[in-house]
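All remarks here apply to the structure that follows.
Readers should treat all values here as calculations from the given coordinates under stated rules, not as data from a laboratory. All figures in this text were calculated on a predicted structure; none of them were measured in a lab. Here the Cβ positions follow ideal geometry from the backbone for every residue, glycine too, while neighbour counts run over all protein chains shown.
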Amino acid sequence: MATTYRQLAYDLLTILKQNFNDKEITLSHCVYWLSVYGDRLLAQHIQKHDTQAYLQVFPQVPVYKDTVTQRQYIDIPASVYDFDLDNGIDYISYPYQVDINSFAYTRFTRTTPSQAFRLYYTDEEKPAPDNPYWYRADAPRIYLLGLECIDVPFVEVGLQVAFSNIPCDLDEEIKFPLELVPILQRQILDLGRFCLMIPADRINDGDYDVANIPKQKIISVNQDAQAQANAQITE
Amino acid sequence: MEFSFADLLSIDEIKADVLVNVGDLDQKLLTPGFYSRRVKRCIDELGYTTYFLTHFQDFPTPESLQLFIPSGAFNLNNVFAFNGDCCDVGGMQTVHNKRQFLMRGKTSATQHFGYTSRNNDRNNDGFFTNVVGDSEILFYAENNGIILLSDSCRLYDRIRVVFSGTPSKIDEQKIIPPFVAEYIINQVTTDALFALKSKQPNLRLQWLDSQAGLENKKRDAIYRLRHLSKSERFTLYEALGRMNY
């Protein structure tokens, strides 16, 4: 059975015994933790395994032209992992309207602004419509090099989309390696336990009783050390 | 060695193997143009060593008697002068090479720059005897990429230049003879690994592995390209066997 974000989050809340009205850890909090730890685990998983299970294809990403520089660019349609060699962006190609398998024929090659100058030294590497390049700058933009003489309305992009792009619908199946779910749970439970163990700085139980207002800030969770400190203050 | 044009391999066919060897399947380590250029360089190197590609090109006899060697040509094999055009060659003559024949060309029929050379019929030099006049024989020299034609070449309509060609300049996608493909794959793989090891020193072992069989393959490739075909050899044997030269 597929696991949904809601199942996972409520399971964690139940284990942490946070299923009463005044719970300290809320559902949204738990979902946020899911995204934080899920990103870390998924990024490691993709780097370690040659898998494209989490590759997301955006077949029609609009190409814009910078009004000042006239450089053509796209906005990355989703958050991606910042892997080595920009591997979070798996490919950019001409859109399927140009060729149904355009990703398999003309692909944009990665470069960087500082490395791009060398490309113009030779005819074979020179950026051109049949040999286009892309580089990242001014995030979330991806600039396209070699399309100066043509107008391309769209490009197709394949991205290793981050796990933290959690959809609004919590009942969707999580896009996460299922064998890593126990590790994800464990890490969130550790964080939850740590969160619950940290004592509050101030007690606010709604009772206006001057006598009960704590006068000493708790400086340690070590009870013995705290007792000694209090005793010294009393003396 | 002759080969069929239909059997030639494209640059992409070579790259298909090289990319697997280098482990750069998505071409993020090196650009597609880098691989293409290395393949072209490699086939050009074989061409410079073996002259396996022969081209010829016809030019209208220039008024200035100066002919620029076309791009993609090196190592002049023959120069001919003829009347008519490429479809109706008539009155063909061989244009011979004359050592150090230098001239500034002819801008018009009336303007005559003259020429210098070691063997000049206007040179009253006792050392040279039996000098043939420039009106009797067609000759040329090459200087700085320009073929300088003698005055007598003006009598002919066209000049045909036969030269060794630079294979990568052919305006075709398929330029690799099949029997040198193994060498080119190995050479380009080695070149790519050499380029990559400056950033990833751990690739040095792979580079050395790739280099291991390179010399043998290069030797084989050159041997195959230089090797005379059987027909050519048999004709040569027969010609030499007559002993009437």
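Quick notes on this one:
- Of A:Q52, A:Q70, A:Q97, the residue with the greatest mean-square motion in the GNM of chain A, using alpha carbon springs below 10 Å, is A:Q70.
- At q = 0.08, 0.10, 0.11 Å⁻¹, base-10 log of I(q)/I(0) for the protein assembly as shown (Debye sum, equal scatterers on each alpha carbon): -0.78, -1.01, -1.10
- Counting Cβ atoms of other protein chains within 10 Å of each Cβ in A:118-125 and taking the mean gives 4.
- When both bridge partners sit in the stretch A:55-160, DSSP labels roughly 90% of those beta bridges antiparallel.
- Here is the result for the stretch B:21-61: no trypsin sites (Lys or Arg not before Pro) lie in DSSP coil with at most 11 other C-beta atoms within 10 angstrom of their C-beta.
- For the residues of B:30-39, the average number of beta carbons from a partner chain within 10 Å of their own beta carbon is 5.
- Given 15 as the ceiling on other Cβ atoms within 10 Å, longest exposed-site-free region of chain A for chymotrypsin sites (Phe, Trp or Tyr not before Pro) in DSSP loops: A:122-207
- Distance histogram for chain B (every C-alpha pair counted, 10 angstrom bins, percent rounded to whole numbers): 7, 23, 23, 21, 16, 9, 2, 0
- The longest stretch of chain B left intact once loop-based GluC sites (Glu not before Pro) with at most 11 other Cβ atoms within 10 Å are removed from consideration, loops following DSSP, is B:3-135.
- Summarising the strand pairing of chain A, around 90 percent of its internal DSSP beta bridges are antiparallel.
- Site-free segments of chain A were taken between trypsin sites (Lys or Arg not before Pro) in DSSP loops having at most 11 other Cβ atoms within 10 Å, sites themselves excluded; the longest one is A:18-201.
- A convex hull fitted around the alpha carbon atoms of chain A yields 235 Å³ per residue.
- Projection of the Cα convex hull of the stretch A:13-96, averaged over all directions and equal to a quarter of that hull's surface, yields 9.6 nm².
- Over chain A, DSSP H runs of length four or greater, each weighted -39,500 (n - 2.57), average out per residue to a 222 nm ellipticity of -9000 deg cm²/dmol.
- The mean number of Cβ atoms from other chains found within 10 Å of a Cβ in peptide A:131-140 is 1, as a whole number.
- The stretch A:108-146 and the stretch B:182-210 have Cα centres lying 24 Å from one another.
- In summary, the aspartates and glutamates within cross-link reach of A:K175, defined as a Cα separation below 12 angstrom excluding same-chain residues under 8 places away, comprise A:D39.
- The stretch A:55-160: radius of gyration and largest Cα-Cα distance (Dmax), Å: 12.9, 35
- Those lysines that a straight Cα-Cα span of less than 17 Å connects to B:K15, excepting residues fewer than 8 apart in one chain: B:K28, B:K40, B:K174
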